[in-house]
1. Which stretch or stretches of region 196-210 have amide N atoms under 19 Å from the point lying 7 Å from Ser261's Cα along the Cα→Cβ direction?
2. Pick from Thr54, Thr190, Thr13 the residue whose mean-square fluctuation is largest in a GNM of the chain, springs joining Cα atoms under 10 Å.
3. Using Cα-Cα distances under 8 Å and only pairs 6 or more residues apart, what relative contact order does region 147-197 have, in percent?
4. With the crude spin-label approximation of a point 7 Å out along Cα→Cβ, what separation in nm comes out for Arg280 versus Ala385?
5. I want to check a number: in the chain, how many lysine pairs have alpha carbons closer than 27 Å, given a sequence separation of 8 or more or different chains?
6. Over its Cα atoms, what ratio of radius of gyration to 2.2 N^0.38 Å does region 83-281 give?
7. Give the order of Ile380, Ile177 when sorted by the count of other beta carbons within 10 angstrom, beginning with the fewest.
8. Quick one: compute the contact order of the chain, relative version, from alpha carbon pairs under 8 angstrom and 6+ residues apart, as a percent.
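Each value in this text was obtained by applying a stated rule to the coordinates, not by laboratory testing. On a predicted model such as this, the values are computed, not experimentally measured, just so you know. Neighbour counts are summed over all protein chains in view; Cβ atoms, including those assigned to glycine, are modelled from backbone coordinates with ideal geometry.
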Amino acid sequence: MNATSQVRCPVCTTRAPPPFFTKSGVPTQCGCLAPTRELALAAPRGDITLRHCTECGHIWNSSFDPALVGFDASYDLSQFYSPSYRRYAASSIDRLMRRYELRSRTALEIACGKGDFLQMMLDAGVGRVIGFDPTYPDDGGAAGDGGRVSIRREMYGRVHSDLHPDIVVCRGCLQYIPEPRTFMANVRETVGDAPDALVYFETSNSALAFRDKVIWYVMYEAGCFFSAPSLARLFRETGFEVLDMIPVLEGAHFEVESRPSRVPSRHVLESREAVAAIGRDIEDFPPLYAASTDSWNGRFARYRRERKRVALWAAGMRAISLLGNCPEAAAGVEVVADVNVRRQGRFLPVTGQPVVSPDALAVYHPDVIVCTNPTYALEISSQVAALGLACEFVVLK
């Protein structure tokens, strides 16, 4: 790693201060689950070195190594199997359609995953969609619907400046990009100065991990921890006028609506007070991180002493973080349920738990279910009740 004097903020390029938190040997990916337990146990690990920029408020992992992260057709962190998430996505599309008159227009999505959001946009009245994602399955479905759908299994970049979409979409991707300023500058170049072009991003409000001390969000793969001020500054300094920044999913994410501009204005969210607040939030993060992992480790130790069968529900980032941080959880949890059928039958990295369908829990008969994603706790608790499982229901916070 470069000396501190050479490390610069990936958002505003200010010289970085020393790290405020470090952790070694964590799983490097959450979106790629292994096809066998043996491969899962041998999954790559990396180090986390968190730094905080006092100029823009951005937090990032300066030890991030892209070579430890891979993207192929097995990569899948889709939440579209959740009915409540689909309702949220549909409401976002409805807002965009009404605000920006997108009916019969062309939408381009960067990191489109399996194409779920693009399909919902088509259903809502968009005329044509173009997707870019190397993880799109190689199943012959990359083009279809009478020429209205085109999916390219490649990374989006400056070579695609000839496409001229009416809206560029990028959802759930920005936090995984180690050099977001370069990435956004490339997007700005491809969009050009078309005055009506809309650029719509959705990304995690990662400052909550530090404000609310939700330690499970601190994972290797999501190496950028955006806040409102750092996100607004990133868009402004790469040539975008922020039209709106909307907190969604109980404030856990931001949606950014923007247009290209040669002289973008400073957004009200780029305040010194907001940046300073983030600095205060990180001051006690390391000891609280240790206290939280100790507490949950103790809880799982008690479950093991009481011979309780414990299952997790939702096999995403927070589940992998919990199992990686708490040895007692890794030793005591046998299965993880998930509604995403593409993750079922695979195994969590490093700790090796199999991912099963929720229906399988009716056979497993857990004494305790730990919901690892509080955003969907109500939905999951209803599904638990529908399965007839009379067990303790705990939400990971």
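1. 196-202
2. Looking only at Thr54, Thr190, Thr13, the biggest GNM fluctuation is shown by Thr13.
3. On the way: 24 pairs, mean separation 26.8, N = 51.
With pairs under 8 Å counted, the relative contact order is 52 percent.
4. Taking the simple label geometry, Arg280 and Ala385 are separated by 4.0 nm.
5. 4
6. The reported ratio for this selection is 1.02.
7. Values: Ile380 24, Ile177 20.
Listed from fewest to most nearby Cβ atoms, that is Ile177, Ile380.
8. Relative contact order of the chain: 16 percent.
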